[in-house]
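These notes concern the structure reproduced below.
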């Protein structure tokens, strides 16, 4: 029996190189089943191994493995060949016009909010302002107390705040904390612009719970409201055009005294009056004023020696006026039909 098994394996080993090549995947599978399947020739021969004498088992085992490996390699070569021939036939049957122009890849663009923010920063850095940034998770001191918002001050109700802890930490409601941090870090004279994200509990067509602001301020000797007006007038004319007018109206902010709201002549109708400006010819755009002495003192700056002005604006508000957008939520919905317009 052992001799018959070894003879059968030797005979099969000789036959393997001359086995017929399968023409397709169906024949390939049939050949695999015939030789390597559970009831295939190699499997039946391997069932005779237990009856092989101990001294002949190494020879029989080696022959069995060589036969199995030879058949597997032959089937793999056939599989690769069949696959290549199939791909070649598919290529030959397909029509490909090599004269067609290639498809141009799509290119992205800056988001309108980013574009407006960069334009504003460029204008102010061109006027000598340096750019500073601060943390979005801010302490109560920098967001309120250092800006003349003492505890229980009613002006805190003007800004609906996201509190991270009961008292100490919160999501900043404006970029003004950067003003306090920069004054502590550098001291006067100083001109800073601070762009960034801010957070308030607002959500409607003109407000978003997360939006962008730019805070700017200058501290030097003998700084006046005239310097503030001249700075803002230069900024607005560069942003909206040389014919754009501005006006300052008295207003209240805890961190400036005196304080003012600044309006610009309507960029839609040119100041003639339209639905957007409610037929007044003016649009509110930012708040500003002379830095309050208490804010100076909180950063160890003597208000008797130094003076300064500050201003802050919402980037979405500026962008809405610049592009004639009437719903702030469009900036955050990522609708490509809207964004492609910019």
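Coordinate-derived values only; no laboratory data. As the structure is a computational prediction, the values presented were derived from the model and not from experiment. Reconstructed Cβ throughout: ideal geometry from the backbone, glycine too, with neighbour counts over all protein chains shown.
Numbers for the structure displayed
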| read-out | value |
| --- | --- |
| For region 216-294, alpha-carbon Rg over 2.2 N^0.38 Å | 1.18 |
| Relative contact order %, region 277-342, counting alpha carbon pairs below 8 Å whose residues are six or more apart | 28 |
| Rounded if a/c under 1.5, otherwise prolate or oblate - region 68-124, Cα gyration tensor axes | oblate |
| Segment residue 114-residue 47, extension gain: residue separation times 0.36 nm, minus the distance between their alpha carbons | 16.6 nm |
| Theoretical gain in end-to-end length, residue 98 to residue 242 [0.36 nm per residue, Cα-Cα removed] | 46.5 nm |
| Nearest 10 degrees, 0 to 90: helix 57-93 Cα axis against the chain principal axis | 60 |
| Order of 94, 118, 316 under a 10 Å beta carbon neighbour criterion, fewest first | 94, 118, 316 |
| Compactness of region 112-339 as Cα Rg over 2.2 N^0.38 Å, two decimals | 1.00 |
| C-alpha long axis of helix 225-240 to longest principal axis of the chain, angle in ° | 40 |
| Length-normalised contact order of region 112-339 in % [C-alpha pairs under 8 Å, at least 6 apart] | 21 |
| Helix 25-36 axis, angle to the chain major axis (alpha carbon atoms, nearest 10°) | 60 |
| Exposure proxy ranking, count of Cβ atoms within 10 Å, fewest first, for 336, 49 | 336, 49 |
| Pairwise Cα inverse-distance average, inverted: Kirkwood Rh of region 2-93 (Å) | 14.4 |
